[in-house]
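The values are calculated or read from the model by the stated rules, or taken from the named source; none is laboratory data. All of these numbers come straight from a predicted model, not from anything done at the bench. Positions of Cβ are backbone-derived with ideal geometry, glycine not excepted, and every protein chain shown enters the neighbour counts. Areas reflect the complete protein model, heavy atoms only, side chains present, ligands, DNA and RNA absent. Shrake-Rupley method; radii C 1.70, N 1.55, O 1.52, S 1.80 Å.
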Amino acid sequence: MRSDIFGQPTSLDNKAALAAWNDTLMGFLAHAAITPVHLGKVLELEQGFALGHAVKGMFYILLGRRELMQTAHDAYAAAQTGSTEGHITAREQKFVEALGVWLDGRPSEAIQLIEDVLRMHPADALAMKLSHAIRFVLGDGEGMRRSIERVMDAYEHDHAARGYLLGCHAFALEETGDYEKAEIAGRQSLWMAPDDAWGLHAVAHVHDMTCNAKKGLEWLTGRENAWSHCNNFRYHVWWHKALMHLDLGQVSTVLELYDSEIRSEKTDDYRDISNATSLLMRLELDGVDVGHRWEELSDICQTRTEDGCLIFADLHYLMALTGDKKPGATERMLQRIAKDAKSNDEMASRMSDPGVAAANGLEAFGEGRFDNAFTHLSQARGGMQRAGGSHAQRDVFERITIDAGIRAGRLDEAEAILNERQSKRAGREDGYTAARRQLIAVGRGDFDAASVPAQ
């Protein structure tokens, strides 16, 4: 029995397979595009490696695509065969069990099984990152932070994953509002692991949430090597850069980044779609003509109306369908979300809340029924974190809600939400907030207040 790069016992005896497994682990931490190649080599050399098959299944679930779920089930079957026919450690068996319950629609139970691993093996960076990733999908920022902070003492300075742990900690700190500590941890993560795109992007989140786009651009500029090796996560980092330019009113740069980086590859990955749709929506809310860019997205999204893996993905598909005025596909999506909301599994509960209200609100907003949109979107607000993603990603729904309220003339209610939004951003005012305060002032006939330049 040999240990992996983190000192964890594995059932691998083949030196070449272990080397490829270590490459897989480090690639996963770095969001490296080559990670599946390394994992494929492991399973080619050790076809009965149950943990490798279990991790493959989890990777496929994280892609959030209905048609890939069969591959995840096949990986689970291979993992079960490997666990019964070959040697497997108790630690590895927990990962197999976690995949099984996740496939059964119980991701929170999968997290607890992975946390069981961390209780026995706190230095297991694979378990650390998987717990972090699943909690992110569920919008569990507090859980991400607790999980990381429970194991931090096990990561000495020479631990191979120390930098990546700090990157995860930085993101969890940011998502729980501890911005100063988050920036420090994120910067430290890059010092220890220069390819830690997750830690780099955690610092970008800090600048977003503290309304300092200029400092955010200074942070990202010149550090492109920290994310150029990434899988589609690299598009997300470019998205962050575009948001910063948008906050500074540099619209032409935003559109250039959209075309040259964010949608340089016209993928149908839901994470790429969410980057694109949410950016176009922000632009349109600011009165920018985005040309024909909705069409490419809506053509893809009308093929995803029956997906239903993640409400986060569904709402962004829906954003494209309403943005490009596709009522037939929009209605199919609404009907399917309503149907899924009646199921009993954990993800269906998120279809119910916030899914149904948020979806109805997006449809109404796209049709110009702003009072109705505001009512539905306001109803969804309390549960939006359950949709998953980050504060920065969910902010597009907050913006749509506020804009719906302003357009509906419900100024006091819209202003209250605007105030809440600002309070979460260290009490600071970004470009969006300043502009909406002016619109509210105009709506109230307070032209003196409206004449104050937006910051």
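I want to confirm something. Restricting to region 382-396 and keeping residues that are open to solvent by less than 50 Å² (accessible area, probe 1.4 Å) and assigned to a loop (DSSP other than H, G, I, E, B), which single residue is nearest to Asn212 (Cα to Cα)? In this case the residue turns out to be Ser390. Count of region 184-219 residues, restricted to those that are closer than 27 Å to Val251 by Cα and not small (Gly, Ala, Ser), is 17.
Which of the residues belonging to region 362-381 are more than 24 Å from the chain's Cα centre (by Cα), closer than 10 Å to Gly405 by Cα and surrounded by 17 or more Cβ atoms within 10 Å (Cβ to Cβ)? Answer for region 362-381, where residues must be more than 24 Å from the chain's Cα centre (by Cα), closer than 10 Å to Gly405 by Cα and surrounded by 17 or more Cβ atoms within 10 Å (Cβ to Cβ): Phe370, Asn372, Ala373, Phe374, Thr375.
In the set Ser343, Ser278, Ser349, Ser298, only one residue is part of a helix (DSSP H, G or I), more than 20 Å from the chain's Cα centre (by Cα) and either among the acidic types (Asp, Glu) or on the phi < 0 side of the Ramachandran plot (or both); that residue is Ser298. If the condition is being part of a helix (DSSP H, G or I) and open to solvent by 10 Å² or more (accessible area, probe 1.4 Å), then region 119-128 contributes Arg119, Met120. From the list Ala338, Ala348, the one residue that fits, being touching a helix residue (DSSP H, G or I) at 6+ places or on another chain (Cβ under 8 Å), surrounded by fewer than 20 Cβ atoms within 10 Å (Cβ to Cβ), hydrophobic (A, V, I, L, M, F, W, C) and modelled with pLDDT under 95, is Ala348.
Only one entry in Gly383, Gly368, Gly405, Gly409 is under 23 Å from Ser349 (Cα atoms) and out of contact with any Cys (no Cβ under 7 Å at 6 or more places or on another chain), namely Gly383. Residues that are assigned to a loop (DSSP other than H, G, I, E, B) and of a type in the set (D, E, K, R) were ranked within region 191-221; the one that is least open to solvent (accessible area, probe 1.4 Å) is Asp196.
Listed by first and then second residue, the pairs linking a residue in region 28-50 that is within 26 Å of Gly163 (Cβ to Cβ) to a residue that is open to solvent by 40 Å² or more (accessible area, probe 1.4 Å) and assigned to a helix (DSSP H, G or I), with Cβ atoms under 7 Å apart and 6 or more places separating them unless they lie on different chains, are His38/Asp23; Leu39/Lys56.
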